[in-house]
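As structure tokens, the structure follows; a few thoughts come after it.
The values are calculated or read from the model by the stated rules, or taken from the named source; none is laboratory data. On a predicted model such as this, the values are computed, not experimentally measured, just so you know. When we count neighbours, we look across all protein chains shown, and the Cβ atoms used for this are built from the backbone with ideal geometry, even at glycine. Note: accessible area is taken over every heavy atom of the protein model, side chains too, but ligands, DNA and RNA are not part of it. Shrake-Rupley method; radii C 1.70, N 1.55, O 1.52, S 1.80 Å.
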Amino acid sequence: MTKIRTTAVRSGMLPLAVLAALVAGCGSQRPGDTTGAGAPSRTPAATPSKPADFPCPGESPTPTPTPSASTSGPAVPPTDHYAENHGFMVPIPLHGERRCEGLAAVGRVEDALEPLRRRGDFDPEHTRSALAALGYSAGNVQSYQNGSTGVSFLIDASPLCVEGTMNLDSTEADAFAGYPDHTGCDRPSGGH
């Protein structure tokens, strides 16, 4: 009987010893210890690279603002998931050489439409004709009446998209690279 009892005590000591080691901690590194003594060497995790943007011809170099911790808001994700659920409707920005091509296209579009704006000509057909005269296929240019003194337009020159408005006050255009999970330049109405 004594032998059985000793085995039972020994088998009960193993979990107790493991628990004691966990409570005491293993190794010599403590949270916040940066001395390097006993610290394991780690390879930094790869972070996704941001596409390179550089000043395009005719553009002045301006630094891209980086959000600071105080202005970026809470680190907790929002509970309504609006941005996540509507991400398919956010245009893909242009980077690198494509960004320069987009800025050049925007300049040409604004220059072509400015004479119509100054004359007060907000006919969608005239807008479409002016944009087609830039070399865009008439089938890839859409224009819509936007009130009595405004026109909205969209040019599908995939992989480059140009959209904008023209009204009494200004002609504005923006270039982008389409939408996620969608072909073409028109804004998708449904997502994933």
**Request:** Would you be able to say whether some residue in the stretch 83-91 is at pLDDT 95 or above and loosely packed, with under 13 Cβ neighbours inside 10 Å?
**Result:** no
**Message:** Which residue is least open to solvent (accessible area, probe 1.4 Å), if the candidates are limited to the stretch 144-157 and must be closer than 17 Å to Ala175 by Cβ and not aliphatic (A, V, I, L, M)?
**Reply:** Phe153
